[in-house]
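Following: one structure in structure tokens, then a few remarks.
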Amino acid sequence: MTENYTALYEQHKKAGASFTDFGGWQMPLKYESELAEHHAVRKSAGLFDLSHMGEVWVTGPDAAAFLDFALVGKLSAIAVGKAKYSLICNADGGIIDDLITYRRPSPEEGVDQYLVVPNAGNAKVVAAALLERAAGFDVVVDDASAETSLIAVQGPNAEAILLTLVPAEQHAVVTELKYYAAVEVSINGQDLLLARTGYTGEDGFEIYIPNLDAAGLWEALLEVGEGHGLIPAGLAARDSLRLEAGMPLYGNELSRYVNAYAAGLGPVVSLAKESDFIGKEALAAIKAAGVGSTIGQKLVGLKGAGRRAARAHYSVLKDGSLIGEVTSGQPSPTLGYPIALAYVDVEHSEPGTIVDVDLRGKSERFEVVPLPFYKRQK
């Protein structure tokens, strides 16, 4: 697999990061302690390099209609400055990727503009799929992933940290920014796109910045964040945080062999929108059949009764019979007990159901519980 390096690779090396391959990128797994990084995000703040994610700009008179056709959601309904979580699917309803789309101000009259953000390992695939689906639409699809870095500040102190680098006259722009919204704001003396989004279950921001300027912003954030408990955090903490928040990860909970209804993402699919979209016929049939609600399998949360954690691909059993498989699992640093996500047969998916997970030959009791496992106090 090709090794890609983000514009912040040297900063991570200098900070003593342990690296891992993720989607073809060399990414920091942790710096000193993934547990310390996890707790920092829950209690103060963590700084993440997300530059392996993709950034695809869709611009043109038909941009809204095109995205309504290319994705399963109604992207034309997004207000300027807002964002929407959606899926790009195959004709059979399988998930190519889950992604966030931001509607940006029109660059000129009669022209709409969106920023589509796919996952790291899928960035090129999604960009290619969008280009292919753009045939017949008056749009330009521009993959800016290679030139763009993405830095996230996540945690209860994220806003306070960010405000130290934003001019006083723009403080209200930041403090009034709603979840799943984005705005252009001056950060560390540079006009940048700031989004109030994240993948941790905490309040936080994601900042889009040209590669050449990423290191300067990273260092500035670490400097001003020191008094607020900010520390750099790697993929290990990001994974434990998103699992506690019940957020699916592509390659674990989501794939081309999984449909939105089984994954609990039925509300993301807009079968009611006027336009056709790729996967509509298949998804309508899946919903009508009851897949994920009355038949087949469904994604659920599992809470361990003991101390041993379930891991991905471990078998889920009921009365000795195989009923499903774990997709993600580990001890929860915040909650103090093992948690997992798993696909199980629908008849065993109700909260309160007791199941067993085969932990390498030894059965361990787990309870089906509602998601998310953790929800921050607002």
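The values are calculated or read from the model by the stated rules, or taken from the named source; none is laboratory data. Note that the coordinates shown come from a computational prediction; the quantities given were computed from them, not determined experimentally. We place every Cβ from the backbone using ideal geometry, glycine too, and count neighbours over all the protein chains shown. Areas reflect the complete protein model, heavy atoms only, side chains present, ligands, DNA and RNA absent. Shrake-Rupley method; radii C 1.70, N 1.55, O 1.52, S 1.80 Å.
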Top-ranked residue in the range 135-190 [being touching a His at 6+ places or on another chain (Cβ under 7 Å) and in contact (Cβ under 8 Å) with a residue 24 or more places away in the chain; ranked as nearest to SER51 (Cα to Cα)]: ILE161
Filter result for LEU192 (touching a Phe, Trp or Tyr at 6+ places or on another chain (Cβ under 7 Å) and in a helix (DSSP H, G or I)): no
Those residues of the range 167-199 which are within 20 Å of LEU230 (Cα to Cα) and either out of contact with any helix residue (DSSP H, G or I) (no Cβ under 7 Å at 6 or more places or on another chain) or open to solvent by less than 10 Å² (accessible area, probe 1.4 Å) (or both), in sequence order: VAL174, ILE187, LEU194, ALA195, ARG196, THR197, GLY198
Residues that are farther than 30 Å from GLY201 by Cβ and part of a strand (DSSP E or B), drawn from the range 120-153: VAL140, VAL141, ASP142
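Which of the residues that make up the range 294-310 are surrounded by 16 or more Cβ atoms within 10 Å (Cβ to Cβ) and either in contact with a Cys (Cβ under 6 Å, 6 or more places away or on another chain) or on the phi < 0 side of the Ramachandran plot (or both)?
Passing the criteria: GLN297, LYS298, LEU299, VAL300, GLY301, LEU302, LYS303, GLY304, ALA309, ALA310.
Taking the options GLY225, GLY229, GLY216, name whichever one is more than 23 Å from the chain's Cα centre (by Cα), at positive phi and not charged (D, E, K, R). Please lay out each step first, then the result.
Working: GLY225 fails: at positive phi; GLY216 fails: at positive phi.
So the residue among GLY225, GLY229, GLY216 that is more than 23 Å from the chain's Cα centre (by Cα), at positive phi and not charged (D, E, K, R) is GLY229.
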Restricting the range 126-136 to residues that are of a type in the set (A, V, I, L, M, F, W, C) and open to solvent by 60 Å² or more (accessible area, probe 1.4 Å), the residue that is farthest from ALA263 (Cα to Cα): ALA135
Boolean, VAL224 is open to solvent by less than 20 Å² (accessible area, probe 1.4 Å), part of a helix (DSSP H, G or I) and not acidic (Asp, Glu): no
